[in-house]
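Enquirer: For reference, the structure I am asking about is given below.
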């Protein structure tokens, strides 16, 4: 678990101590554990970098659109049709023209999209366009209030050190981090805990040890 710029070795981590009491401004996590959820609901800020194994009903994306007729080739890898990129302060000065272009290739290709069918009030920052046969509401980046806290979720490709060596990936991550640590991080939409747990798997406190 990485709390902002403060890295706590597992041997020193005390799950009984509220992170806010240690001056934590932002919890950056790869999975939603019970103590992270408690921190969020109590008023903390969380950046969740969720992988496929941490999501319910995830849809794997592919930068290229589906081949010809999805009904005839339904087993093909991926099954999405690009992305809608909205003007939002979370993206900072990352260049875009409202849709996926080549600077999004490594960020999106082969990553999971979060299904938002059960959360109609969420307007994604980066929305994945599903194919006409499935038509799910999908997102790669979105934000919401949960309880008294603020949640920013991303499934973009920030999984390995190699991902951060790509200039576009490192730059966008920096912009997202600055946003989550700044005063403009004020989500308008709200998720209930039940809605969140319908999208993201809840792990025990031991899961990241």
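Rule-based calculations on the coordinates, nothing more; no lab input. Source: prediction; values computed, not measured. Because the Cβ atoms are built from the backbone with ideal geometry, glycine has one as well, and the counts that use them run over all protein chains shown.
Enquirer: Residue 97 label point, 7 Å along Cα→Cβ, cut-off 11 Å on backbone N: hits in segment 151-179?
Expert: none
Enquirer: Please work out how much length the chain gains when fully extended from residue 190 to residue 38, using 0.36 nm per residue of separation minus the C-alpha to C-alpha distance, in nm with one decimal. Don't skip to the answer; put the middle values down first.
Expert: On the way: separation 152, 0.36 × 152 = 54.72 nm, distance 1.64 nm.
Working it through step by step, the gained length comes to 53.1 nm.
Enquirer: Next question. Quick one: if the Förster radius is 35 Å, what FRET efficiency do residue 183 and residue 109 give, using the C-beta to C-beta distance and rounding to 0.05?
Expert: The pair residue 183/residue 109 has a calculated efficiency of 0.60.
Enquirer: In vacuo Debye scattering of segment 72-154, one point per C-alpha: log10 I(q)/I(0) at q = 0.18 Å⁻¹?
Expert: Once normalised to I(0) and log-transformed, intensities are -0.81.
Enquirer: Can you give the extra length, in nm with one decimal, that the chain gains between residue 25 and residue 148 once fully stretched, where that is 0.36 nm per residue apart less the Cα-Cα distance?
Expert: Numbers: separation 123, 0.36 × 123 = 44.28 nm, distance 1.42 nm.
So the extension gain works out to 42.9 nm.
Enquirer: If you don't mind, another one. Can you tell me how segment 150-200 classifies by the Cα gyration tensor, rounded, prolate or oblate, using a/c under 1.5 as the rounded cut?
Expert: Oblate, because a/c is 1.5 or more while a/b does not exceed b/c.
Enquirer: For an R0 of 22 angstrom, estimate the FRET efficiency from the Cβ-Cβ distance between residue 197 and residue 123 and round to the nearest 0.05.
Expert: 0.60
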